[in-house]
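Here's the structure we're looking at; comments come further down.
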Amino acid sequence: MSKVYVFTEFGGPEAQELIDRPEPHPGAGELAVQVRAAGVNPADWKTRADRHGTDQPLPAPMGHELSGVVTAIGADVHDFTVGQEILGLAAPGHGAFAEHTIVRATDAVAKPEEISFADAATIPVAAAAAYDATHQIELEPGQKLLVIGAGGGVGLMVAQIGRVHEFTVIGIASESKRKVVESTGATFVPSGDGVADRARQAAPDGVDLILDLVGGEALREVADLVADPTRIISAADPATATELGGTGLVRTPQAMAKITGVIEYDLVDPHISALYPLERAGEAIATVEDGHATGKIVLEMLHAPAS
Ligand SMILES: NC(=O)c1ccc[n+]([C@@H]2O[C@H](COP(=O)([O-])OP(=O)(O)OC[C@H]3O[C@@H](n4cnc5c(N)ncnc54)[C@H](OP(=O)(O)O)[C@@H]3O)[C@@H](O)[C@H]2O)c1
């Protein structure tokens, strides 16, 4: 048997629990993976809270991004071997918050030795989204990038990718995140009342791109800092971005491998602020659901040594 963290009803966190299930076997094109670490994302609680539809069977395994070791391969898998360390996305119907899971070979990348399992687990969703966000509209060195939600899981990586590309990054986050946002080389602007004036002070001539990781009022308040509204991209709230003349984040299949290379060369740090064991997945999810996480929250799975 293998432990899996699930939700048993759509709604609040009270419907989450750790259950035992038989260890899953890979179908064609799939890898069975012993999970070593899993990143926690807003998508995890949003799925449970019914924001992404209610068409999946219950109990539903939670968690999307993970790293681990391949324990078995299905038919038609040629690029991976048993024993290989990988990072990837849990296949539909399977979860990352589990001792064992299934990953489609097309959603997996070999984990470089230089990247720890914990850091690797932040790549498939958060780091890959940060990569796509910074490449959807390409800026030139010196151009100004405003990041709303700069201290969160995606935001800190966006700010660091911006530094690698020599963009001038301005990061909006709460005062508690001043140091960590400034550590990326970004100019920090505190969120809250008067944020638009403070952002305007930081960029008197406006900015060249807004990457929004919060949505709603937080985006509306500063949207006119960009002269051309098509240069608003939101990962958090595509509807508001579209209403303002911008667009939602478009994800690409290449991003996971590309950002893995960037992290391997130590150019971007996923900035893990807390590690939890699988048994405390509920606390880890609550930290992200609170909406004010710093960097990435990661679950680490402890496995008994093989006897
Ligand atoms: N489409 C995709 O593929 C994709 C992939 C990844 C993420 N996303 C979405 O992108 C968003 C961000 O993801 P994430 O993983 O970075 O979330 P996260 O780790 O929870 O970070 C969100 C950050 O926003 C900050 N924030 C909250 N209110 C704010 C405000 N008014 N002004 C400025 N900052 C504020 C929070 O802390 P402070 O308030 O303390 O600053 C927090 O650090 C989520 O909506 C997520 O669902 C989409």
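The values are calculated or read from the model by the stated rules, or taken from the named source; none is laboratory data. These numbers come from a predicted model, not from an experiment. No Cβ is skipped: glycine too gets one built from the backbone with ideal geometry, and neighbour counts run over all protein chains shown.
Among (1) free of Cβ contacts under 8 Å to residues at least 60 places away in the same chain; (2) more than 16 Å from Phe167 (Cα to Cα), which single condition is Leu213 missing?
Among (1) free of Cβ contacts under 8 Å to residues at least 60 places away in the same chain; (2) more than 16 Å from Phe167 (Cα to Cα), the lone unmet condition for Leu213 is (1).
Going by what's in this entry, would Pro26 be described as under 20 Å from the mean Cα position of the chain (by Cα), in a loop (DSSP other than H, G, I, E, B) and at pLDDT 95 or above? If you could, list the steps in order and put the result at the bottom.
On the way: under 20 Å from the mean Cα position of the chain (by Cα): no; in a loop (DSSP other than H, G, I, E, B): yes; at pLDDT 95 or above: yes.
Taking the combined requirement at face value, the residue does not satisfy it.
All but one of (1) surrounded by fewer than 21 Cβ atoms within 10 Å (Cβ to Cβ); (2) within 11 Å of the ligand (Cβ to nearest atom); (3) part of a loop (DSSP other than H, G, I, E, B); (4) within 25 Å of the chain's Cα centre (by Cα) hold for Arg178; state the number of the condition that does not hold.
Unmet for Arg178, out of (1) surrounded by fewer than 21 Cβ atoms within 10 Å (Cβ to Cβ); (2) within 11 Å of the ligand (Cβ to nearest atom); (3) part of a loop (DSSP other than H, G, I, E, B); (4) within 25 Å of the chain's Cα centre (by Cα): (3).
Which numbered condition in (1) touching a Lys or Arg at 6+ places or on another chain (Cβ under 8 Å); (2) in a loop (DSSP other than H, G, I, E, B); (3) at pLDDT 95 or above; (4) not aliphatic (A, V, I, L, M) is the only one that Pro92 fails?
Condition not satisfied by Pro92: (1).
Quick one: is Gly155 crowded, with 24+ Cβ neighbours inside 10 Å and either among the hydrophobic types (A, V, I, L, M, F, W, C) or within 13 Å of the ligand (Cβ to nearest atom) (or both)? Lay out the reasoning, then the answer.
On the way: crowded, with 24+ Cβ neighbours inside 10 Å: yes; either among the hydrophobic types (A, V, I, L, M, F, W, C) or within 13 Å of the ligand (Cβ to nearest atom) (or both): yes.
Answer is yes for this residue.
Which condition from (1) surrounded by fewer than 21 Cβ atoms within 10 Å (Cβ to Cβ); (2) at negative phi is the one that Gly83 breaks?
All conditions pass for Gly83, except number (2).
Tell me which of these Phe167 doesn't satisfy, since it passes every other one: (1) buried (at least 17 other Cβ atoms within 10 Å of the Cβ); (2) without any contact (Cβ under 8 Å) to a residue 12 or more places away in the chain; (3) within 22 Å of Thr260 (Cα to Cα).
Of the numbered conditions (1) buried (at least 17 other Cβ atoms within 10 Å of the Cβ); (2) without any contact (Cβ under 8 Å) to a residue 12 or more places away in the chain; (3) within 22 Å of Thr260 (Cα to Cα), the odd one out for Phe167 is (2).
Applying the selection to the range 197-245, what residues are more than 21 Å from Leu139 (Cα to Cα) and among the charged types (D, E, K, R)?
Answer for the range 197-245, where residues must be more than 21 Å from Leu139 (Cα to Cα) and among the charged types (D, E, K, R): Asp197, Arg198, Glu217, Arg220, Glu221, Asp237, Glu243.
Please enumerate the residues belonging to the range 189-204 that are more than 10 Å from the ligand (Cβ to nearest atom) and free of Cβ contacts under 8 Å to residues at least 40 places away in the same chain. Steps first, please.
Of all residues in the range 189-204, those more than 10 Å from the ligand (Cβ to nearest atom) come to 193-194, 196-204.
Of everything in the range 189-204, those that are more than 10 Å from the ligand (Cβ to nearest atom) and free of Cβ contacts under 8 Å to residues at least 40 places away in the same chain turn out to be Asp193, Gly194, Ala196, Asp197, Arg198, Arg200, Gln201, Ala202, Pro204.
Are any residues in the range 234-266 farther than 25 Å from Gly88 by Cβ, of a type in the set (A, V, I, L, M) and either surrounded by 18 or more Cβ atoms within 10 Å (Cβ to Cβ) or within 8 Å of the ligand (Cβ to nearest atom) (or both), and if so, which ones?
Ala241, Leu244
Out of all the residues in the range 280-293, is one or more crowded, with 21+ Cβ neighbours inside 10 Å and more than 14 Å from the ligand (Cβ to nearest atom)?
Within the range 280-293, one or more residues are crowded, with 21+ Cβ neighbours inside 10 Å and more than 14 Å from the ligand (Cβ to nearest atom).
Do we find a residue being without any contact (Cβ under 8 Å) to a residue 40 or more places away in the chain, more than 15 Å from the ligand (Cβ to nearest atom), of a type in the set (D, E, K, R) and in the same structural domain as Thr71 (by TED's automatic domain parsing) anywhere in the range 124-138?
no
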